[in-house]
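The values are calculated or read from the model by the stated rules, or taken from the named source; none is laboratory data. Note that the structure is a prediction, hence the values are computed from the model and not measured. Don't worry about glycine lacking a Cβ; one is built from the backbone with ideal geometry, like all the others, and counts go over all protein chains shown. In case anyone asks, the SASA skips ligands and DNA or RNA and just uses the protein heavy atoms, side chains included. Shrake-Rupley method; radii C 1.70, N 1.55, O 1.52, S 1.80 Å.
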Amino acid sequence: MILFVDDDAPPGDDRDRTAAKSLYESAGFREVDRLHSFSRLTVVPRPPVL
């Protein structure tokens, strides 16, 4: 079984998942991997050199 928890919010934020993660751990789930998200920077093309 796989359980995914989106926990990228800082503690105290409205999306804080600390309580949910504690509940899942008490039910026997364990963290085996972390997915890291990132944003790709938008590359602005340079004007041609004349």
- Compare the Cα positions of 35, 19, 3 along the charge dipole of the chain (+1 at Cβ of Lys, Arg; -1 at Cβ of Asp, Glu; about the Cα centre) and return the one farthest towards the positive end. 35
- Message: Can you compute the charge dipole magnitude of the chain about its Cα centre, using +1 on each Lys and Arg Cβ and -1 on each Asp and Glu Cβ, nothing else charged? Give it in debye, rounded to the nearest 20.
- Response: 320
- Task: Could you look at the chain and say what percent of its accessible area is carbon and sulfur, using a 1.4 Å probe and all protein chains?
- Result: 57
- Query: What value, in deg cm²/dmol to 500, does the helix sum -39500 (n - 2.57) over DSSP H runs of n ≥ 4 give at 222 nm once divided by the residues of the chain?
  - Reply: -5000 deg cm²/dmol
- Message: Could you report the chain's accessible area per residue, 1.4 Å probe, as an integer in Å²?
- Response: 108
- Note on the structure: Expected max-MSF residue from 15, 30, 40 in the GNM of the chain (alpha carbon, under 10 Å) is 40
- Reviewing (1) 0.99; (2) 1.96; (3) 1.14, the figure for Cα Rg over 2.2 N^0.38 Å actually calculated from this model sits under (2)
